[in-house]
Amino acid sequence: MQKSWAEDSDKCTFILLDPALPDTEGTGQHGGGMIGDVNLFLNDANDPTVAEIEIMIAVKASRRKGLAFEALTIFMAYAVKYLGITCFQAKIGLGNQSSLSLFGKLGYAEVSTSKIFNEATLNLQICGHIKALMNEQAHKLKIGQYEEADQASALCLG
């Protein structure tokens, strides 16, 4: 499964680390424990510049520390610069107030709700001051290769 995700051009996944936690056992030294991931799905066959984005912080002790905000900002900057994304879309459960608030702070606006799926769809167009912020963040990105895997890339803000 990991290989298919690494080779699939329709999705991009970054593993999130919390530097306050020890490295996850058995994974080498990466500067923190694994706490979740952020994903990008390129599902719109008619417009490859639109991407669905999602985030999960699985470790409860790592929530509400600003890590999700930072990870999304970095990930979006990467997607804008290297993948040419101009619109992000997030689908969030209506009961997930923390995520709705998080994406709202990032500038996302609700464009629809689905009573069937009990979720809201939020969009963020990359233009104007949002584009300037993404470009500013993109200049701070450092991209390299993991020592253990030829296909996996490391991304950090520095």
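Between beta-carbons, use under 12 Å as the cut-off and find the net charge around LEU72, counting Lys and Arg +1, Asp and Glu -1.
Numbers: positive: LYS105; negative: ASP37, GLU54, GLU70.
Charge balance near LEU72 sits at -2.
Would you please name the trypsin sites (Lys or Arg not before Pro) within segment 35-73 that are DSSP coil residues with at most 11 other C-beta atoms within 10 Å of their C-beta? Spell out each step's value before the answer.
On the way: sites: LYS60, ARG63, ARG64, LYS65; in loops: ARG63, ARG64, LYS65.
Counting only loop positions with at most 11 other Cβ atoms within 10 Å, the trypsin sites (Lys or Arg not before Pro) in segment 35-73 are ARG64.
Write down the accessible area per residue of segment 17-153 in Å², having rolled a 1.4 Å probe over the full set of protein chains.
Numbers: 8150 Å² over 137 residues.
Per-residue value: 60 Å².
How large is the Rg to Rh ratio of segment 52-150 when both quantities use alpha carbon positions and Rh follows Kirkwood? Could you put the intermediate results ahead of the total?
Working: Rg = 14.8 Å, Rh = 14.7 Å.
Over the Cα atoms of segment 52-150, Rg/Rh equals 1.00.
Given Cβ point charges of +1 (Lys, Arg) and -1 (Asp, Glu) and nothing else, what value in debye, to the nearest 20, does the dipole of segment 86-143 about its Cα centre take?
Numbers: 6 positive and 3 negative charges, 33 e Å.
So the dipole magnitude of segment 86-143 works out to roughly 160 debye.
Rounded to whole Å and sorted largest first, list the principal axis extents of the Cα atoms in segment 74-131.
34, 19, 18
The values are calculated or read from the model by the stated rules, or taken from the named source; none is laboratory data. Predicted model only: the values in this text are computed from it and were never measured. No Cβ is skipped: glycine too gets one built from the backbone with ideal geometry, and neighbour counts run over all protein chains shown. Only protein heavy atoms, including side chains, enter the accessible area calculation; ligands, DNA and RNA are left aside. Shrake-Rupley method; radii C 1.70, N 1.55, O 1.52, S 1.80 Å.
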